Amino acid sequence: MQQLVAGAAPAAHHRARPRRHHPGQGGAAQVHHQVPPVPRHLRPERQPVQREAALLQHDGGVAPRHPREDPLRRRTTGHGEACLRIGSQQVVQQPGGEHRIPDAGGGHEEDAHGWRAHSMVGRWRAASPLVCAASPAKIFGMPIAPLSDRAVVDLSGEDRLDFLQGLVSNDVTQAMPGRAVWAALLTPQGKWLADFFILAAGERLLLDVPAAQAALLAQRLSRFRLRSRVALAGRPDLAVWAGWGEAAPPAEALAAPDPRLPEAGWRAILPAGQALPGAAGDYDRHRLALGLPNGAPDLEAEKSVLLEAGFDELGGISWSKGCYMGQELTARTKYRGLLKRRLVPVAVEGPLPAPGTPVLREGAEVGEMRSGHPQGLGLALLRLPLREGERLTCGAAVLVPRVPGWMRLPEQAAG
């Protein structure tokens, strides 16, 4: 494994000083060889290993660390998250205790303040400053799943951050090793086109995107390149995985906690074709139990708005980063209270309705079904105000809305 080491030591700020020669003094000028010590603030520091670079660099080299990353400093963000780099690993703590969401995939360790720790080997131990990544043999039987409906798009070039920052809904500068960013690309009118996860890998940003939208997304982003020094390319050599509960990502993966909810687990990028023993997780069931959208068919291109799908509560929007495409409608919807529908988790009683099936309340249409799971879980786009626990008809099935703890409905926010 290659290691990233700081560059050469800075040049010394002194020279060998010749002794002044006085007339009448015999012999050549003498040279003073005593070298003063290098100031402490100029000494080179050894940097920790960057694991993911060897996996993801096309040229096989190790890229420098993200310029905005401070490996030993606690940093807080606008979403209230705190990150601490420990050795070559990173713990990401996120506020999750207040969500009151049933654990759909396994237990989590939670402290008295509601913080949950994401572990590289199950649970973090408070007395251990370093934790080694789990080997595949140690994750047998854990809830891990390959996401075959996802693909990876590579964004490289020195302008990659500024380029993407002006286009998507979230703060791209927050993406760094051990921390992913969830963001959406909108039309100029503020309607959803695609959403994806952004992971930093040295001098690249890797976008975890829906496979069906990967080519279209790269094409749309390329339209705005103009003179920006960026390059976009598909990465069929990489695949996306997810894990939750007590599962740990493999050591060689580029992994980060799912930024939407602590209970969502982690996402990882691995070489395509690599198999993980014991990968028997059902990701759709897991994310539907939490009420998390998954692109289409949960959202409709050029029709859905972000606040309908919970992007505000789930950390998919930055309200302080500045302008981006579609920002005006998104902000107006929030601050003027114009939201009329919400994507809501539902319990399904009966046969699973197909996406797009109308949802009826006493014969009147109040929404439509979106994605679902045969074990009685689904998401439905429902008109507000919402009556939690009411029984709605959808085809031959009955839907019962259930509002998760993380969701803030307009009438709840007003109260």
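The values are calculated or read from the model by the stated rules, or taken from the named source; none is laboratory data. Since the structure is predicted, the reported quantities are computational estimates derived from the model, not experimental observations. Heads up, the Cβs are rebuilt from the backbone with ideal geometry, glycines too, and the neighbour counts pull from every protein chain shown.
Just one of the listed residues (252, 263) is assigned by TED's automatic domain parsing to the domain that holds residue 212, in a loop (DSSP other than H, G, I, E, B) and in contact with an Asp or Glu (Cβ under 9 Å, 6 or more places away or on another chain), and it is 252.
Determine if the stretch 231-244 includes at least one residue that is buried (at least 22 other Cβ atoms within 10 Å of the Cβ) and in a loop (DSSP other than H, G, I, E, B). Looking for residues that are buried (at least 22 other Cβ atoms within 10 Å of the Cβ) and in a loop (DSSP other than H, G, I, E, B), one finds at least one in the stretch 231-244, hence yes.
A single entry from 396, 364, 354, 331 fulfils the requirement of being farther than 16 Å from residue 290 by Cβ, exposed (fewer than 15 other Cβ atoms within 10 Å of the Cβ) and touching a Pro at 6+ places or on another chain (Cβ under 6 Å): 396. Does residue 185 satisfy the condition of being within 14 Å of residue 328 (Cα to Cα), in contact (Cβ under 8 Å) with a residue 12 or more places away in the chain and among the hydrophobic types (A, V, I, L, M, F, W, C)? The answer is yes for residue 185.
Among the candidates 220, 235, the residue that is among the charged types (D, E, K, R) and modelled with pLDDT under 95 is uniquely 220.
Listed residues 299, 288, 307; which is part of a loop (DSSP other than H, G, I, E, B) and hydrophobic (A, V, I, L, M, F, W, C)?
The unique qualifying residue is 299.
For (1) touching a Leu at 6+ places or on another chain (Cβ under 6 Å); (2) surrounded by 17 or more Cβ atoms within 10 Å (Cβ to Cβ); (3) closer than 20 Å to residue 326 by Cα, each residue gets a yes or a no:
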{"site": "161", "(1), (2), (3)": "no, yes, yes"}
{"site": "168", "(1), (2), (3)": "yes, yes, yes"}
{"site": "175", "(1), (2), (3)": "no, yes, no"}
{"site": "178", "(1), (2), (3)": "no, yes, no"}
{"site": "200", "(1), (2), (3)": "no, yes, no"}
{"site": "210", "(1), (2), (3)": "no, yes, no"}
{"site": "219", "(1), (2), (3)": "no, no, yes"}
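Of the strands (runs of 3 or more DSSP E) lying entirely inside the stretch 340-415, not one is found with 3 or more residues being touching a His at 6+ places or on another chain (Cβ under 7 Å) and outside the structural domain of residue 264 (by TED's automatic domain parsing). Could you say whether any residue in the stretch 205-214 is without any contact (Cβ under 8 Å) to a residue 60 or more places away in the chain, of a type outside the set (A, V, I, L, M), touching a strand residue (DSSP E or B) at 6+ places or on another chain (Cβ under 6 Å) and in a helix (DSSP H, G or I)? No: the stretch 205-214 contains no residue that is without any contact (Cβ under 8 Å) to a residue 60 or more places away in the chain, of a type outside the set (A, V, I, L, M), touching a strand residue (DSSP E or B) at 6+ places or on another chain (Cβ under 6 Å) and in a helix (DSSP H, G or I).
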